[in-house]
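The values are calculated or read from the model by the stated rules, or taken from the named source; none is laboratory data. Everything quoted here is computed from the prediction, not taken from an experiment. Because the Cβ atoms are built from the backbone with ideal geometry, glycine has one as well, and the counts that use them run over all protein chains shown.
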Amino acid sequence: MPELPEVETIRRAIEPHIVGAQITDISLPDPSIAGPGGSESLQPALGATVRAVLRRGKHLILLLAGNSGIVLHLRMTGALLRCELPAGARVRAVLTFSNGERLAFTDQRRLGRMQYYASLKPLLLRLGPEPLDADFTWESLRSALKRHSIPVKAALLDQNIVAGIGNMYADEALFLAGINPVVSANQIPANEIRTLWRSIRDVLQRAIEDGGASVSTYAKPDGNRGAAQFSFNVAHRKGQPCPRCGAQIERIMVRKRGACYCPCCQPKRKVDA
DNA sequence: CTTGGGACCTGGCTGC
DNA sequence: TGCAGCCAGGTCCCAA
């Protein structure tokens, strides 16, 4: 599923091809992708020039005039392709540009969205810090987690606490930090939060370098698959051996979401060393 | 303010 | 074999 590394991979892949070009056509085979406003809500973007391609959390943003833009969210099964469409692709929207470029938004499950924002400010302010930016410090993570009694896994998925982390990378970051997913966010000692902070950044950075993780429908804009899934320690590896200790990886439900972890490397209570 | 639950969505899987 | 029903999970909305 597209999380921060997948969206960042897409951003880097399309940016050089559409910055400076005008949007000459917006076709919506599935108007519901634009939300309640339907096709008409995207009309203001017609003819506009793409000034930059940005990412904020899991949102992909085509920055247009002033503070306006088109915001895409791929949710579960969305993909953005500038290649030949695979057979059976569920095309929900097609953007055509003045330089001949064409981007197809495919989305099997129709949860994805592509919407025009006259001002991007509310969206940008609503989300938590970017985990790879300098203002995301371990102290800022500590103060955010201090306010929450929910399981730390649920806290990492909360886009207001930190933006861009989804189920896969939350599991991976917690594994690297040796933290059990059900531990309350405000019960984690400072030294472990520092380790978690570093793990979050390491996991995301490495996944970007690998072009994202293709575990289901995710593909890069050129149609190729990412490679980050080959480096997973616990995510999507239920029943397989932990790469660190060999114990069997378990899958439990945390707040209605699946969580994969190593019961040996991520104990609820630390044993004295 | 925080927390929890349901809704959305559909291909793939499970079980009768 | 056929099919009902569950499951995956990111986000929004509502209630407590």
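If only residues of segment A:183-203 that are under 18 Å from the mean Cα position of the chain (by Cα) and more than 16 Å from residue A:140 (Cβ to Cβ) are counted, the one that is surrounded by the most Cβ atoms within 10 Å (Cβ to Cβ) is A:203.
Can you tell me how many residues in segment A:241-273 are at negative phi and away from DNA strand B (no atom under 16 Å from the Cβ)? Adding up the residues that qualify gives 23. Determine whether residue A:123 is out of contact with any His (no Cβ under 8 Å at 6 or more places or on another chain) and not hydroxyl-bearing (Ser, Thr, Tyr). When the stated conditions are applied, residue A:123 does not pass them. Considering only residues in segment A:121-134 that are touching a strand residue (DSSP E or B) at 6+ places or on another chain (Cβ under 8 Å) and modelled with pLDDT under 95, the one that is nearest to residue A:188 (Cα to Cα) turns out to be A:127.
Residue pairs whose Cβ atoms lie under 6 Å apart, separated by 6 or more positions or on different chains, with the first residue in segment A:27-54 and in contact (Cβ under 8 Å) with a residue 12 or more places away in the chain and the second among the basic types (Lys, Arg), are A:30/A:92; A:33/A:92; A:35/A:113; A:53/A:11. Being modelled with pLDDT under 95 and farther than 24 Å from residue A:132 by Cα is not true of residue A:25.
Identify all residues within segment A:230-273 that are assigned to a helix (DSSP H, G or I) and surrounded by 11 or more Cβ atoms within 10 Å (Cβ to Cβ); write none if there are none.
Within segment A:230-273, just A:231 meets the criteria.
If you go through segment A:85-111 and keep only what is touching a Lys or Arg at 6+ places or on another chain (Cβ under 6 Å) and more than 12 Å from DNA strand B (Cβ to nearest atom), you end up with A:96, A:103, A:105.
Mind listing just one residue for me: the one in segment A:152-172 that is of a type in the set (Asp, Glu) and buried (at least 21 other Cβ atoms within 10 Å of the Cβ) and, of those, farthest from residue A:259 (Cα to Cα)? Of everything passing the filter in segment A:152-172, A:172 is farthest from residue A:259 (Cα to Cα).
Quick grid of which residues meet (1) more than 15 Å from residue A:3 (Cα to Cα); (2) among the acidic types (Asp, Glu); (3) at pLDDT below 95:
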site	(1), (2), (3)
A:176	yes, no, no
A:180	yes, no, no
A:204	no, no, no
A:207	no, no, no
A:222	yes, yes, yes
A:228	no, no, yes
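Among residues of segment A:108-128 that are within 17 Å of residue A:43 (Cβ to Cβ), those with a Cβ under 7 angstrom from a residue that is of a type outside the set (Asp, Glu) and loosely packed, with under 13 Cβ neighbours inside 10 Å, sequence gap 6+ or separate chain, pair up as A:119/A:67.
Go through A:137, A:77 for me and flag whichever is modelled with pLDDT of 95 or more and farther than 18 Å from residue A:11 by Cβ. Exactly one residue qualifies, and that residue is A:137.
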